[in-house]
Amino acid sequence: MSEKFYITTAISYPNGKPHIGHAYEAIAADAIARFHRLSGKDVRFQTGTDEHGLKMVQTARDKGVDVRDLCREMSDQFQAMCDTLNISYDNFQRTTDPMHQVSCQAMWRKMHAAGDMYLNKYEGWYSVRDEAFYEEKELTTGDEGVKLSPQGTPVEWVVEETWFFRLSKYQDRLLKLYKERPEFIQPEGRRNEVMRFVEGGLRDISVSRTSFDWGIPVPDSPGHVMYVWVDALANYISGAQSLSGLGYGTNDFTLMEKFWPSEEGPDGELKPANVLHLIGKDIVRFHAVYWPAFLMSAKLPLPKQVFGHGFLLARGGEKMSKSLGNVVDPIELAEQFGVDNLRYFLLREVSFGQDGSYSPEAIVTRCNAELANSFGNLAQRVLSFVGKSYPDGLPSPRRESVRKFVEHKADWWFEGVIGDDNSMERGFIPRVNFTLMDDKMIDTFIKTWMDCVIRCNKFVDENAPWTLRKEGKQEQLDDAIVTLFTFIHMLAIAIQPIIPTAAGKLLDQLGIPEDERSYAALADDTWYDRLRASSHRIAPPTPIFPRLEMPTDVK
Ligand code: MSP
């Protein structure tokens, strides 16, 4: 049975249109999901929208619309963004879905039964923008004496009778978790921040509100709706029927058992589920402190990892904000530069886990240099040469070393410059390092791929197939072409998670059937002979990565 892997993004507040930061998270999660599917895992990928809470109520009021209409309209835009960007989600979870409510209430009841909920008066600072409570010591003072949260958003004093969750009870268990499973919070810097925060002492948190009703009703407690973060975090295990969310607390256990199974380890503790929550750095505390405490309280397994990626900043490293007028619409960018170019740029440019910045010039420069000039050109010149010089089909490898290379029996990252004496001279071909993707070092993975592309282009120059043809050195020519064809096959398969459409088009041109494009196919020793024996002929290729024009109306 194949290994299960469940990956989620944060669910976004649909109080405005999606921006490039939301797109970045969805694209990164999609690349990871596709990577694991190509590696043979049974993957489930969920994203969605977080529709309750005061922020949504206030936005609807400001716009003069019904909050339900606002949610529907904006949530649809988030889903449309995912579809445009080729995000391969299995479920788009909305927290206004009635079955999500069933799951949330089931989780609440379990937390209540554990003795972790009690009624008390809440008095403290609340940021509507972050939908978060803060302690006095965490605040700073902004212009005109306005108190600000650590995220720089204004806070207000709130007094209400609310339900409290005994977070303090979980302090030691959380610290033990961080110590015993360092991989639980990544990257390392974010883990340290969380550990310092928890070591500083945890207070019980307010988990219901009575001053508005746009939320999930607290079971058996009229007038209380759940604090929006309890509701939002539960999206990871909630949902409607088996075709969408996992369905915790509903009558359908299928997906929950598959992707979030309750299994005890040898120590009698629940084993972590193979789940990755990919989120931005601003909400790590909710995912790495509150969420595991809620799960411990409800006696559910913990996820394997919470990964807090960095922020995408506007030109010059500025934070994107409506007031600065530098918020970027991902759909416009995708229309202007192409979906795969945008995906490639974001994943290659930003060191994954760190902040990074974006500009139209940077997209054009990087995509032209690496996709159009390097990879596109490699594919273009090799395939047009093959199309012209081998009209009857691909050549077969002449030398044993080349055959072994094609069949992946030799170290197929071998040194492969073909010498005049028909020997293989030593030259270095770098590896595409797949384990980097497993470690979520996405940008470094792409870099190793690019190094290999650059080396292959050099291989073309060094072996000059057109000269070999002119000089009638057929044997060397055949081996050079077989080698290059094998490399392009590998490079196209490897890069599918990042640029799925373009890689797919190239694999079509190579004649590789759809069901032979997984990473397992890279270990298949018969692929080349089968392709040769097929009726596929390399046609004059159409360029897959046309050069981008530098925008003239750069903002
Ligand atoms: N609704 C909460 C998350 C609940 S998850 C159970 C929320 N929503 S959000 O719309 O504000 O943010 C959604 C995701 O986008 C978060 O992971 C956030 O960190 C990420 N980003 C928001 N702005 C971003 C950038 N500028 N750059 C990269 N990611 C950013 O928080």
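No value in this document is a laboratory result; all are computed from the given coordinates. What you see is a predicted model, and the numbers here were worked out from it, not measured in a lab. Cβ atoms come from the backbone with ideal geometry, glycine included; neighbour counts cover every protein chain shown.
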Counted charge near Tyr126, where neighbours are those whose Cβ lies closer than 13 Å (Asp, Glu -1; Lys, Arg +1): -4
Relative contact order (%) - the range 361-533, alpha-carbon pairs under 8 angstrom, separation at least six: 27
So how many Å³ per residue does the convex hull of the Cα atoms of the chain work out to? 170
In degrees rounded to 10, the 0-90 angle between helix 377-389 Cα long axis and the longest Cα principal axis of the chain is 40
Treat the count of other C-beta atoms within 10 Å as a stand-in for reagent exposure and order Trp108, Trp291 from fewest to most. Trp291, Trp108
Proximal lysines relative to Lys473, as straight alpha-carbon distance under 29 Å, when same-chain residues fewer than 8 apart are discounted: Lys388, Lys404, Lys409, Lys458
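Round to the nearest 0.05 the FRET efficiency obtained for Ser389 and Asp439 when R0 = 35 Å and r is the Cβ-Cβ distance.
According to the calculation, E is roughly 0.25.
For the pairs Lys179/Lys281; Lys41/Lys505; Lys121/Lys304; Lys169/Lys304, flag any whose C-alpha to C-alpha distance is greater than 28 Å.
Violating the 28 Å Cα-Cα cut-off are Lys121/Lys304.
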Label-point separation, Asp213 to Asp66 (7 Å along Cα→Cβ), nm: 1.5
Which of Lys258, Lys470 has the fewest Cβ neighbours within 10 Å, and the rest in rising order: Lys470, Lys258
Among the DSSP beta bridges whose two residues both lie in the chain, what percent are antiparallel, rounded to the nearest 5? 50
Stokes-Einstein D in µm²/s, Kirkwood radius over Cα pairs - the range 361-533 at 4 °C with 1.567 mPa s viscosity: 78
For Glu144 and Met195, compute 0.36 nm times the residue count separating them, minus their Cα-Cα distance, and round to one decimal in nm. 15.0 nm
Determine the gain in length on full extension of the stretch Glu183-Lys17; use 0.36 nm per residue of separation and subtract their C-alpha separation, reporting nm with one decimal. 56.4 nm
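If neighbour count is taken as other Cβ atoms inside 10 Å, put Arg547, Arg196 in order from fewest to most.
Going from sparsest to densest Cβ surroundings: Arg196, Arg547.
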Mind pulling the angle between the C-alpha long axis of helix 339-349 and the longest principal axis of the chain? Nearest 10 degrees, somewhere in 0 to 90. 80
Partner aspartates and glutamates whose C-alpha sits under 18 Å from that of Lys470, ignoring same-chain residues fewer than 8 away, are Asp420, Asp421, Asp461, Glu462, Asp478, Asp479
Just report the Cα centroid separation between the range 293-335 and the range 129-204, whole Å. 18
Between Ala369 and Arg547, 0.36 nm times their residue separation minus their Cα-Cα distance comes to what? 63.2 nm
